[in-house]
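Before any comments, here is the structure.
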Amino acid sequence: MELGWGTKGAFRRKEGNHDYRRQREVVDRVTAHPAWRRSGGRDHVFVLTDPVAMWHVRAEIAPAILLVVDFGGWFRLDSKSSRNSSHMIQHTQVSLLKDVIVPYTHLLPTLRLSENKARPTLLYFKGARHRHWGGLVREKLWDLLGNEPDIVMEEGFPNATGREQSIKGMRSSEFCLHPAGDTPTSCRLFDAIASLCIPVIVSDEVELPFEGMIDYTEFSIFVSVSNALRPRWLTNYLRNISKQQKDEFRRNLAHVQHIFEYDISYSSSNGPVPPDGAVSYIWKKIHQKLPMIREAVTREKRKPDGASIPLRCHCT
């Protein structure tokens, strides 16, 4: 349930805000149920597909397991209202202890390893040049890389008009740049994986789906923002990666492509969700959280009336 999208800044208002009304209706109905009261919501799951989804009621749904594509919007919003300037997890924030990072749906078609062809371009990026917050790195990278002969930096999105351009760009490039935007990640990373274009992730605060189950260093390049902004550092680094290393990265990309697939069309018609797709991996990650959730519910039961327990994290 997204319930958070609207015109810029409009989602913050309550008066006359249909999003706020819908969010309020959802939370009032869910929290009134005996199942919520039994666990304090800790064994409930909310699917939030936008960084500011359920923004008005985020403190109330915080005890639940949140399936989010990105932590960026939650942390940024919470940092504005928090009096604590430290980096400790606040009660209204998401947490890797209980929540699950899920993949964006990729917008470009999947390229199989057997279909891979020559890639004459070193590095490719297509997206908005100007972004806020951590995404300011994009404009600086554009200035550094925009005039390199074997690097393509294009403004735009892989929508109806830019889709074919994005397919061509990613499939003909060795590496695909994934800098932070308004939040630390985007669907661009998963388009690169689908296109067998080795992701170059320049986003210091990025969190990724299914870590602990897959190792992103086997098929992605991670570069700190500080190094990426050093003149010619990134291009020299990428050019020094051997063909053998790039081939291995690409084989590993092909090996994990199915993990990020929500589409079940390749399975038997109307049959169960494939055991190795994104939905199954999400449930596996939720299952990993269960011992902590059971402990949190048990601890909540023994708290006497009137007791004040410090909010150390979501597991308290």
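Every number in this text was worked out from the coordinates using simple rules, so none of it is lab data. Note that the structure is a prediction, hence the values are computed from the model and not measured. Quick reminder, even Gly has a Cβ in these numbers, built from the backbone with ideal geometry, and neighbours come from all protein chains shown.
Below, the figures for the structure above:
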{"quantity": "The range 113-260 - convex hull of alpha carbons, volume per residue in Å³", "calculated": "110"}
{"quantity": "Nitroxide proxy distance, nm - points 7 Å out along Cα→Cβ at residue 224 and residue 246", "calculated": "2.7"}
{"quantity": "Across 168/243; 243/284; 117/246; 98/301; 126/246; 14/285, pairs whose alpha-carbon gap is larger than 23 Å", "calculated": "243/284; 14/285"}
{"quantity": "Charge-dipole axis of the range 113-260 as Lys and Arg at +1 and Asp and Glu at -1 on Cβ define it, positive-most pick from 187, 233, 213", "calculated": "233"}
{"quantity": "Footprinting exposure proxy for 141, 97 (fewest neighbouring C-beta atoms within 10 Å first)", "calculated": "97, 141"}
{"quantity": "Sorted by Cβ density within 10 Å, fewest first, the residues 27, 297, 200", "calculated": "297, 27, 200"}
{"quantity": "Residue exposure sequence - 26, 152, 102 - by fewest surrounding Cβ within 10 Å", "calculated": "26, 152, 102"}
{"quantity": "In Å, descending, principal axis extents of the Cα set of the range 94-189", "calculated": "43, 34, 24"}
